[in-house]
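The values are calculated or read from the model by the stated rules, or taken from the named source; none is laboratory data. A quick note: this is a predicted structure, and the numbers were derived from the prediction, not measured. Backbone-built Cβ (ideal geometry, glycine too); neighbour counts: all protein chains shown. We work out accessible area using only protein heavy atoms, side chains counted, and drop any ligands, DNA or RNA first. Shrake-Rupley method; radii C 1.70, N 1.55, O 1.52, S 1.80 Å.
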Amino acid sequence: VSGDFYWVNKKNNLWIVIAADCTGHGVPGAFMSMLGVSFLNELVINKNIIRPDLILNALRENIINSLKQLDFQSDVKDGMDIAVCAIDYDRNKLEYSGANNPLFLIRNGELNHIKGDKMPVAVHETMVPFTLNTFDLKKGDTFYTFSDGFVDQFGGHNQKKFLTKNFKEALMSMQDKSMFDQGLALDKIFEDWKNEVDQVDDVTLIGIRY
């Protein structure tokens, strides 16, 4: 069971790609994952909500209502950090919205780090509408969404966190590889770094080359 999940669906001319990290580990995290997948099926497939920021707004409302989260001081603060991408292959567009989780877009040897809004999909002291980011895509662009399990993993000589800086460098170093080979290389980097240290969190990483 996992507190991370990914969700992919084709709707009209769009591919909706989502990476999510739910609060809790084990069964509580898995319960939130099941809830998230169920709500996304309803919102995107049945209600045809396909714009990333609107998906997050509606998902947050559903989670707050289903868990009866009254206000940000409530004891029940379960929710999720999530990145939502909508890829339009007809218009060469990428739309992204994030709840804490970022998007990395790599083009021509440069990495653009687009930060998500600093609030989860849950009750929170800040609950403004989520931000929509739109990008023109070019052939060869690669972009990544992920949970924090990779960068937060302890390991190495001093058993410290892997950190975002090293994660960016790893991604930049393998742009000549296919996406399949990148996956193999990242898995090896993670296992070598972790070595005999226990894995601290679920790890989800989605990479797409346009």
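Give all pairs with beta carbons closer than 7 Å in which a residue from the range 176-192 that is charged (D, E, K, R) meets a residue that is part of a helix (DSSP H, G or I); count only pairs at least 6 apart in sequence or on separate chains.
Listed pairs, sorted by first residue: Lys177/Ala185.
Test Phe130 against the stated conditions and say whether it is modelled with pLDDT of 95 or more, open to solvent by less than 60 Å² (accessible area, probe 1.4 Å) and not aliphatic (A, V, I, L, M). Even if it seems obvious, please write down each step before you answer.
Working: modelled with pLDDT of 95 or more: yes; open to solvent by less than 60 Å² (accessible area, probe 1.4 Å): yes; not aliphatic (A, V, I, L, M): yes.
When the stated conditions are applied, Phe130 passes them.
In this structure, is Gly183 at pLDDT 95 or above, crowded, with 16+ Cβ neighbours inside 10 Å, within 23 Å of Ile18 (Cβ to Cβ) and touching a Leu at 6+ places or on another chain (Cβ under 9 Å)?
Numbers: at pLDDT 95 or above: yes; crowded, with 16+ Cβ neighbours inside 10 Å: no; within 23 Å of Ile18 (Cβ to Cβ): yes; touching a Leu at 6+ places or on another chain (Cβ under 9 Å): yes.
In short, no.
So which of Val17, Val44, Val37 ends up being in contact (Cβ under 8 Å) with a residue 12 or more places away in the chain and in contact with a Lys or Arg (Cβ under 7 Å, 6 or more places away or on another chain)? It would help to see each step written out before you state the result.
Values: Val17 fails: in contact with a Lys or Arg (Cβ under 7 Å, 6 or more places away or on another chain); Val37 fails: in contact with a Lys or Arg (Cβ under 7 Å, 6 or more places away or on another chain).
Being in contact (Cβ under 8 Å) with a residue 12 or more places away in the chain and in contact with a Lys or Arg (Cβ under 7 Å, 6 or more places away or on another chain) holds for just one of Val17, Val44, Val37, which is Val44.
Within the range 43-51, does at least one residue satisfy the condition of being under 24 Å from Phe135 (Cα atoms), in a strand (DSSP E or B), touching a helix residue (DSSP H, G or I) at 6+ places or on another chain (Cβ under 9 Å) and open to solvent by 10 Å² or more (accessible area, probe 1.4 Å)?
No, there is no match, as no residue in the range 43-51 is under 24 Å from Phe135 (Cα atoms), in a strand (DSSP E or B), touching a helix residue (DSSP H, G or I) at 6+ places or on another chain (Cβ under 9 Å) and open to solvent by 10 Å² or more (accessible area, probe 1.4 Å).
So that you can scan it fast, the table gives a plain yes or no per residue for (1) surrounded by fewer than 18 Cβ atoms within 10 Å (Cβ to Cβ); (2) in a loop (DSSP other than H, G, I, E, B); (3) touching a His at 6+ places or on another chain (Cβ under 9 Å); (4) modelled with pLDDT of 95 or more:
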position: Ile82; (1), (2), (3), (4): no, no, no, yes
position: Cys85; (1), (2), (3), (4): no, no, no, yes
position: Glu95; (1), (2), (3), (4): no, no, no, yes
position: Gly98; (1), (2), (3), (4): no, no, no, yes
position: Phe104; (1), (2), (3), (4): no, no, yes, yes
position: Asn112; (1), (2), (3), (4): yes, no, no, yes
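Residues in the range 114-128 that are under 18 Å from Leu103 (Cα atoms) and out of contact with any Lys or Arg (no Cβ under 7 Å at 6 or more places or on another chain): how many?
Of the range 114-128, the ones under 18 Å from Leu103 (Cα atoms) are 114-121.
This time we only want the ones that are out of contact with any Lys or Arg (no Cβ under 7 Å at 6 or more places or on another chain), so: 114-120.
Here the count works out to 7.
Are any of the residues in the range 116-127 polar (S, T, N, Q), open to solvent by less than 70 Å² (accessible area, probe 1.4 Å) and outside any loop (DSSP other than H, G, I, E, B)? So that I can check it myself, show each step before the final result.
The first filter runs over the range 116-127 and keeps only residues polar (S, T, N, Q), leaving 126.
Subsequent filtering for residues that are open to solvent by less than 70 Å² (accessible area, probe 1.4 Å) retains 126.
Going one step further and asking which of them are outside any loop (DSSP other than H, G, I, E, B), we end up with none.
The answer is no; no qualifying residue exists.
I'm trying to understand the selection: among the residues of the range 48-71, which are over 16 Å from the mean Cα position of the chain (by Cα), of a type in the set (Asp, Glu) and modelled with pLDDT of 90 or more?
Listed by number, the list holds a single entry, Glu61.
Residue by residue through the range 144-159, note down the ones that are over 24 Å from Val84 (Cα atoms), without any contact (Cβ under 8 Å) to a residue 24 or more places away in the chain and surrounded by 12 or more Cβ atoms within 10 Å (Cβ to Cβ).
Of the range 144-159, the ones over 24 Å from Val84 (Cα atoms) are 154-159.
Now restrict to residues that are without any contact (Cβ under 8 Å) to a residue 24 or more places away in the chain: 157-158.
Scanning the range 144-159 gives no hits.
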